[in-house]
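To start, the structure under review is shown below, and the notes come after it.
The values are calculated or read from the model by the stated rules, or taken from the named source; none is laboratory data. Just so it is clear, the structure is predicted and the values come from calculations on it, not from any experiment. Here Cβ is always computed from backbone atoms with ideal geometry, including for glycine, and neighbour counts include all displayed protein chains.
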Amino acid sequence: MDPEFLATGIIIYMMLVSTGMILFGKEAWLSKAEPFCVFFRMVGWLSPVKWQKENQRNSVMIFLPKIQWPCMQLLELPTIPKSGTAFILLVLSTVSFDGLSKTFWWMALIGENPLEYPGRTVLMLPNTAGMLSTFLIFLLFYALTQIKIFESTEDDLMDTGFVFSIIPIAFGYHFAHYLPNFLVDIQYAFISLSDPLDLGWNLLGIKDWQVRSSFLTHHESVVIIWYLQITGIVLAHIAAVIIAHLKTLKNDAGQRTIILSQIPSTLLMIAYTVLGLWLLSTPIAA
């Protein structure tokens, strides 16, 4: 991306965020309207470390770490508004479409040759439509899984209990999807630390280092990356199933009702596991 264009975008975004905090307050804006803060708070819920407030003498507030199983914070969270549910589904659907948009299947669907990449401008309109359509499809399927077996109300269609179990899946697929890019981009970041202001410094003595991406074409390293991606997705889905089950057990319902209520969500998780693994294994456009 053009550095000047990127810098301009960052400045505009900073102005928007600053304006929002001035108008609505820092806490309200960052906790509900700033997407990166909301996303990384979601990621923090998966952490095995939880920081608890402790009151000390003289009204001094300190934070102490508490070690627990990863994702267990999801069980302690209150319900979130429907907009929060939609945001979680948006996080999952956008990264899913980012993988889908590079597949031969998608390129053929929009009438483009995957072996002759047409450029971002040509793909902007169909990819935008595809991303929005993917979000609506995810929203629809999620709503269908929330219809109760024996009784249904309007609120059931966007029940916020099960949506917490989608967060590990979203994080797992983000890890798997962006792992190859991360392994390349982290090299640029490390080299930049040696000369952060582009003044010709060589603070770390790595000025002459070259970014290498050849490991993405070697069979041995590609296999390792592939297994890391699979492991991330599988572990994320295992965590999601556990969270969904424990969330369901908190409801005051009979065993038969609990089991039946988990069937739609389990089928949805299985379907997305298949989709995620297919997206990682299918050929993509250059």
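Could you tell me whether Lys53 is in contact with a helix residue (DSSP H, G or I) (Cβ under 7 Å, 6 or more places away or on another chain) and surrounded by fewer than 16 Cβ atoms within 10 Å (Cβ to Cβ)? Can you show your working first?
On the way: in contact with a helix residue (DSSP H, G or I) (Cβ under 7 Å, 6 or more places away or on another chain): no; surrounded by fewer than 16 Cβ atoms within 10 Å (Cβ to Cβ): yes.
Judged against the criteria, Lys53 is not a match.
Give me a count of the residues in the stretch 27-40 that are surrounded by 12 or more Cβ atoms within 10 Å (Cβ to Cβ) and assigned to a helix (DSSP H, G or I). Spell out how you get there, then give the answer.
Going through the stretch 27-40, the residues surrounded by 12 or more Cβ atoms within 10 Å (Cβ to Cβ) turn out to be 28-34, 37-39.
After this cut, where a residue has to be assigned to a helix (DSSP H, G or I) as well, the list is 28-32, 37-39.
Of the residues in the stretch 27-40, 8 are surrounded by 12 or more Cβ atoms within 10 Å (Cβ to Cβ) and assigned to a helix (DSSP H, G or I).
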Quick count over the stretch 193-223, residues being over 18 Å from Phe182 (Cβ atoms) and either touching a residue at least 60 places away in the same chain (Cβ under 8 Å) or in a helix (DSSP H, G or I) (or both), is 3
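Name the residue, out of Leu23, Leu74, Leu16, that is under 30 Å from Phe162 (Cβ atoms) and assigned to a helix (DSSP H, G or I).
Numbers: Leu23 fails: under 30 Å from Phe162 (Cβ atoms); Leu16 fails: under 30 Å from Phe162 (Cβ atoms).
When all the criteria are applied, what remains is Leu74.
Being free of Cβ contacts under 8 Å to residues at least 60 places away in the same chain and under 24 Å from Met131 (Cβ atoms) is true for just one of Lys82, Lys32, Lys53. Which residue is that? Outline the logic, then answer.
Numbers: Lys82 fails: free of Cβ contacts under 8 Å to residues at least 60 places away in the same chain; Lys53 fails: under 24 Å from Met131 (Cβ atoms).
On inspection, the qualifying residue turns out to be Lys32.
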Out of the residues in the stretch 108-138 meeting the condition of being closer than 27 Å to Phe87 by Cα and in contact (Cβ under 8 Å) with a residue 24 or more places away in the chain, tell me which one is surrounded by the most Cβ atoms within 10 Å (Cβ to Cβ). Phe138
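Taking the stretch 130-164 on its own, how many of its residues are hydroxyl-bearing (Ser, Thr, Tyr) and at pLDDT 90 or above?
Of the stretch 130-164, the ones hydroxyl-bearing (Ser, Thr, Tyr) are 133-134, 142, 145, 152-153, 160.
In the following step, the residues that additionally are at pLDDT 90 or above were identified as 133-134.
Residues flagged as hydroxyl-bearing (Ser, Thr, Tyr) and at pLDDT 90 or above within the stretch 130-164 amount to 2.
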Flag for Phe87 being surrounded by fewer than 11 Cβ atoms within 10 Å (Cβ to Cβ) and either touching a helix residue (DSSP H, G or I) at 6+ places or on another chain (Cβ under 6 Å) or closer than 25 Å to Tyr173 by Cβ (or both): no
Please verify whether the stretch 120-132 includes one or more residues that are hydroxyl-bearing (Ser, Thr, Tyr), closer than 24 Å to Ile166 by Cβ and in the same structural domain as Ile166 (by TED's automatic domain parsing). yes
Pick from the stretch 224-279 the residues that are exposed (fewer than 14 other Cβ atoms within 10 Å of the Cβ) and outside any helix (DSSP H, G or I): which of them is modelled with the highest pLDDT? Lys250
